[in-house]
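Following: one structure in structure tokens, then a few remarks.
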Amino acid sequence: MTYCVGMVLDKGLVLMSDTRTNSGVDNISVFRKMFSWSEPGERIITIMTAGNLATTQAVISQIEERTKAPGERRPSIMDAPTMFQIATIVGRLLRDVIEGRQDSGMQGEGPRFTASMIVAGQIKDMEPRLFMIYPEGNFIEASFDTPFFQIGETKYGRPILLRGYDKGMSFEDAVKLLMVSFDSTLAANLSVGLPFDLMVIERDSFAPLHHKRIQADDAYFKLISSRWSEALRQAFYSLPDYSFDDPA
């Protein structure tokens, strides 16, 4: 399993993913789950993946091949005129790959090939947009009511995002919020692990403002983790004490 978050801010987009892939407790590997393509001054597109690794790698490989020869292998995300059409292309590829694997004599193992994706980016003269792609190929777009998407192990880090998110927040505060969300998920679920990939995309820049791989020895992440744990303990002990005596 994995954990990925895409977030829309007034200033742009913030994306973060882990890299852990496991097929049991004795088979844990590191694989990148964040992939990005850009054309300076024209567009930037980033995709994050969760689910069956072979399925997501097949989709990303097809997308990559089409970007290398967009005129010969269509449709390509680098030719699509809108982010909506890019989400449509990715959704169709994901659906086709899943159906192809199920139709190849492995129907009884269908759920193993489930995968989902987050597609984020901006095309020149258009707004930054964020989509979540389902295994069936359909998708939804982030909105005022749903300004961020999670895929993978979502439940542990979601409360942090719900309480802390503000569309007007700075990129630095958004990264801090994601670090807390990922730290909470990391502490609760062994299927999510370091290193993490982080990307910040500023509105109308069409290139990553900040792109970093956060390793286990990252000083800032370790500081956030320890300070958050301490802050939670202090908040807990500051709450009113429960009493066994009847207030009446």
Q: Could you pull out every one of the lysines with an alpha carbon less than 18 Å from that of K222, ignoring same-chain neighbours closer than 8 positions?
A: K176, K212
**Q.** Separation of alpha-carbon centers, the stretch 232-248 and the stretch 137-198, rounded to whole Å
**A.** 30
Q) Could you give the angle, 0 to 90 degrees to the nearest 10, between helix 83-102's Cα long axis and the longest principal axis of the Cα atoms of the chain? A) 80
Q: Name the residue, out of T146, T21, T55, whose mean-square fluctuation peaks in a Gaussian network model built on the chain with Cα pairs under 10 Å.
A: T146
Q: May I ask you to derive the relative contact order of the stretch 3-238, considering only C-alpha pairs under 8 Å and at least 6 residues apart, and to give it as an integer percent?
A: 27
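Please get the size of the charge dipole for the chain, origin at its Cα centre, with Cβ charges of +1 on Lys and Arg and -1 on Asp and Glu, quoted in debye to the nearest 20. List each step's numbers first, then the result.
Details: 26 positive and 32 negative charges, 97 e Å.
Dipole about the Cα centre, nearest 20: 460 debye.
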Q. When the chain is modelled as a GNM with alpha-carbon springs shorter than 10 Å, which of A69, A87, A235 fluctuates the most?
A. A235
Q | Ellipsoid equivalent to the stretch 164-234 - semi-axes via the Cα gyration tensor, in Å | A | 23, 16, 11
Q. Mind checking which of S205, S238, S17 has the largest fluctuation in a GNM of the chain, springs on alpha carbons under 10 Å?
A. S238
Q | Neighbour-count ranking [beta-carbon atoms within 10 angstrom, fewest first] of T82, T56 | A | T82, T56
Q: Using only Cα atoms, tell me the angle between helix 171-188 and the longest principal axis of the chain; keep it within 0 to 90° and round to the nearest 10.
A: 80
(Q) Tell me the angle of helix 219-238 to the major Cα principal axis of the chain, expressed in degrees between 0 and 90 and rounded to the nearest ten. (A) 40
Q: Compute log10 of I(q)/I(0) for the stretch 3-238 with the Debye formula, placing one identical point scatterer on every Cα and leaving out solvent, at q = 0.07, 0.13, 0.18 Å⁻¹, to two decimals.
A: -0.23, -0.79, -1.42
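What number, rounded to the nearest 500 deg cm²/dmol, is the helix-based mean residue ellipticity at 222 nm of the chain, given -39500 (n - 2.57) per DSSP H run of at least four residues and division by all its residues? All intermediate terms of the calculation are to be shown ahead of the outcome.
Details: 5 runs with 81 residues, N = 248.
The helix-only estimate for the chain comes to -11000 deg cm²/dmol at 222 nm.
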Q. Going by how many other beta carbons lie within 10 Å of each one, how would you line up S226, S243, fewest first?
A. S243, S226
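Read-outs throughout are calculated quantities, based only on the coordinates presented, and are distinct from any laboratory measurement. Remember, it's a predicted structure, so these values are computed and weren't measured experimentally. All Cβ positions, even for glycine, are placed from backbone atoms using ideal geometry, and neighbour counts span all protein chains on display.
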